[in-house]
Amino acid sequence: MARRLFGTDGVRGRANDDPMTAETALRLGQAAGRHFIKGNHAHRVVIGKDTRRSGYMLENALTAGFTSVGMDVFLVGPVPTPAVGFLTRSMRADLGVMISASHNPFQDNGIKFFGPDGFKLSDAAEEAIERALEGPPDLVEPARIGRATRIDDGRGRYMEFAKTTFPRGRRLDGLRIVVDCANGAAYRTAPDVLWELGAEVVRVAVAPNGFNINKDCGSTHTAAAVEAVKLHRADLGISLDGDADRVMIIDETGEIADGDQFMALIADRWAAEGRLAQGTLVATVMSNLGLERHLESQGLRLLRTAVGDRYVVEAMRAGGYNLGGEQSGHIVMTDHVTTGDGLIAALQFLSAMVETGQKASELSRVFQAYPQLLTNVRFRKGAEPLAEASVQSAISDGEARLDGRGRLVIRKSGTEPLVRIMGECDDPDLLRRVLSNIEAEVARFA
């Protein structure tokens, strides 16, 4: 069936505009409850959120929806997205919900669902929820209406779990660490965990007010963290996004290491320790060609998926792999977590620093990245530029010109009328010419 609500990462949109309204949230709660209520046991759902003002509205609407169909709701307040996955499984809940639009500005919000195993829902489960929306809700009689309970120590439970992923007996004494929390869900979690492990912590963007999440801070706006690293002469900078499921690493010189360099470091270390399942790293089609060539040189394999950390995780589970992620900083380590986790990923990087004694700059430059260019071209309503012969011809010509020297990834956006054109090549000038030709053809349909 055609998916109307769910995109690559749950339901997302501008708050108080369709579909991100209280009415839709209530109906989603009822529909998800209808799908997950099976058997006669007491059914539970965990609901977390980031720090957006609209989170209150959506939290209350979802609670009304779930309780109206007989589910008990556990409200854990502002916590990172991975904490919801962890708590859903830990509390034996039937379902988890995170209210967040990740790295988007405060005007947007989103609803992500997790199954009882703590993993994000499959396409099939999301489609079943959409089908349930087409019919009336299964409202229960008054005696069976669910109750809502606020869980005050949910954040603390997750923090204790996060610390268990750092090597036992190791500490962060002597390290000065900048942590930029994007005024988001990890504004207390990440700094407190690092401090409890012994680090001197410089806190950036830890004063959320409902409107400043991701505003000139966080993993998509790293300038604030870079400036803090230089100002405080820190050993490392950790830049999270609004829901803390992605991370960017900043070395002591102020240079930024993206998710590809991070994954290369962890893959190399785990492979040397015999921990990298089947010698394979899972990443998306957007990961740099330099990463793939580096892994090949180490006798390792890169398995590529469609864009979206959910598809990375699905491939990991299907193949029995334990490390994957995205260039954007989603790092998934299924030995520890069920989704991207910026804090736990950063702890893996810090463990490498502590165990090797090397500086962040020595650990974060694992391979030479190929020059990479990305452009977005908007097209008019009703147009299908990627189906046009002239565009297909331009793409084929570009692939021929890059043969053996680079690659193209061209796809239609799942949320906007955009064609996303990405190319990599060892010759930047050739790459620009190839992308310019394709962009010009697509632009004819603007």
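The values are calculated or read from the model by the stated rules, or taken from the named source; none is laboratory data. Note that the structure is predicted; figures quoted are calculated from it, not measured. Note that we place each Cβ from the backbone using ideal geometry, even for glycine, and neighbour counts take in every protein chain shown. Surface areas here come from the heavy atoms of the whole protein model, side chains and all, with no ligands, DNA or RNA. Shrake-Rupley method; radii C 1.70, N 1.55, O 1.52, S 1.80 Å.
Quick check on this structure: which one of I129, I145, I151, I111 is over 24 Å from G237 (Cα atoms), touching a Phe, Trp or Tyr at 6+ places or on another chain (Cβ under 6 Å) and of a type outside the set (F, W, Y)?
I151
So which of D341, D309 ends up being in contact with a Pro (Cβ under 6 Å, 6 or more places away or on another chain) and either among the aromatic types (F, W, Y) or crowded, with 24+ Cβ neighbours inside 10 Å (or both)?
Exactly one residue qualifies, and that residue is D341.
Against the definition (under 20 Å from F262 (Cβ atoms) and at pLDDT below 95), how does T165 come out, yes or no?
Criteria not met by T165.
Just one of A234, A277 is open to solvent by 10 Å² or more (accessible area, probe 1.4 Å), at negative phi and modelled with pLDDT of 95 or more; which is it?
Sole residue among the options that is open to solvent by 10 Å² or more (accessible area, probe 1.4 Å), at negative phi and modelled with pLDDT of 95 or more: A277.
Could you tell me whether F379 is out of contact with any Asp or Glu (no Cβ under 7 Å at 6 or more places or on another chain) and closer than 30 Å to F349 by Cβ?
Against the criterion (out of contact with any Asp or Glu (no Cβ under 7 Å at 6 or more places or on another chain) and closer than 30 Å to F349 by Cβ), F379 does not qualify.
Look through A64, A42 and report the one residue that is touching a Leu at 6+ places or on another chain (Cβ under 9 Å) and open to solvent by 30 Å² or more (accessible area, probe 1.4 Å).
A64
Do any residues in the range 236-265 that are free of Cβ contacts under 8 Å to residues at least 40 places away in the same chain have Cβ atoms under 7 Å from those of residues that are open to solvent by 10 Å² or more (accessible area, probe 1.4 Å) and charged (D, E, K, R), where the two are at least six apart or on different chains, and which pairs are they?
Taking only residues 6 or more apart or on different chains, the pairs are G254/K230.
Please work out which one of (1) surrounded by fewer than 13 Cβ atoms within 10 Å (Cβ to Cβ); (2) out of contact with any Pro (no Cβ under 7 Å at 6 or more places or on another chain); (3) at pLDDT below 95 is the condition Q372 fails and give its number.
(1)
Please go through the range 237-257 and give me each residue that is open to solvent by less than 10 Å² (accessible area, probe 1.4 Å) and out of contact with any Asp or Glu (no Cβ under 9 Å at 6 or more places or on another chain), ordered by number.
Passing the criteria: only D241.
Residues in the range 153-176: is at least one open to solvent by 30 Å² or more (accessible area, probe 1.4 Å), within 24 Å of D243 (Cα to Cα), free of Cβ contacts under 8 Å to residues at least 24 places away in the same chain and small (G, A, S)?
yes
Tell me the residue from T334, T356 that is β-branched (V, I, T), farther than 15 Å from G259 by Cβ and surrounded by 15 or more Cβ atoms within 10 Å (Cβ to Cβ), please.
Going through T334, T356 in turn, just one is β-branched (V, I, T), farther than 15 Å from G259 by Cβ and surrounded by 15 or more Cβ atoms within 10 Å (Cβ to Cβ): T334.
Residues of the range 383-400 being part of a loop (DSSP other than H, G, I, E, B) and touching a helix residue (DSSP H, G or I) at 6+ places or on another chain (Cβ under 9 Å), which ones?
Passing the criteria: only E388.
Would you mind telling me which numbered condition in (1) over 23 Å from the mean Cα position of the chain (by Cα); (2) open to solvent by 10 Å² or more (accessible area, probe 1.4 Å) R89 fails?
Going through (1) over 23 Å from the mean Cα position of the chain (by Cα); (2) open to solvent by 10 Å² or more (accessible area, probe 1.4 Å) one by one, R89 breaks only (1).
Just the residues that are hydroxyl-bearing (S, T, Y) and open to solvent by 20 Å² or more (accessible area, probe 1.4 Å), please, taken from the range 185-223.
Y187, T220, T222
Which of the numbered conditions does L386 fail, given that it passes all the others? Conditions: (1) in contact with an Asp or Glu (Cβ under 7 Å, 6 or more places away or on another chain); (2) within 30 Å of P19 (Cβ to Cβ); (3) among the aliphatic types (A, V, I, L, M).
(1)
So M57 clears everything in (1) touching a residue at least 24 places away in the same chain (Cβ under 8 Å); (2) surrounded by fewer than 22 Cβ atoms within 10 Å (Cβ to Cβ); (3) under 16 Å from I145 (Cα atoms) except one condition, right? Which one?
Unmet for M57, out of (1) touching a residue at least 24 places away in the same chain (Cβ under 8 Å); (2) surrounded by fewer than 22 Cβ atoms within 10 Å (Cβ to Cβ); (3) under 16 Å from I145 (Cα atoms): (3).
Quick one: count up the residues across the range 34-51 that are within 22 Å of R89 (Cα to Cα) and modelled with pLDDT of 95 or more.
Going through the range 34-51 one residue at a time, the tally reaches 8.
For the range 1-19, which residues satisfy the criterion of being among the aliphatic types (A, V, I, L, M) and modelled with pLDDT of 95 or more?
A15
So which of A352, A387, A369 is free of Cβ contacts under 8 Å to residues at least 12 places away in the same chain and of a type in the set (A, V, I, L, M, F, W, C)?
The match here is A387.
Output the number of the condition that A182 fails; it satisfies all remaining conditions of (1) open to solvent by 10 Å² or more (accessible area, probe 1.4 Å); (2) in contact with a His (Cβ under 8 Å, 6 or more places away or on another chain); (3) not in a strand (DSSP E or B).
So A182 meets the others, but not (1).
What pairs come up if the first residue lies in the range 289-304 and is open to solvent by less than 60 Å² (accessible area, probe 1.4 Å), the second is aromatic (F, W, Y), and their beta carbons are under 6 Å apart, counting only those six or more places apart or on different chains?
Matching pairs, first to second residue: L289/Y370; G290/F367; G290/Y370; H294/F367.
Determine which member of the set R411, R380, R317 is open to solvent by 70 Å² or more (accessible area, probe 1.4 Å), modelled with pLDDT of 95 or more and more than 30 Å from R171 (Cβ to Cβ).
Sole residue among the options that is open to solvent by 70 Å² or more (accessible area, probe 1.4 Å), modelled with pLDDT of 95 or more and more than 30 Å from R171 (Cβ to Cβ): R317.
What do you reckon, is L265 out of contact with any strand residue (DSSP E or B) (no Cβ under 6 Å at 6 or more places or on another chain), closer than 28 Å to R176 by Cα and hydrophobic (A, V, I, L, M, F, W, C)?
yes
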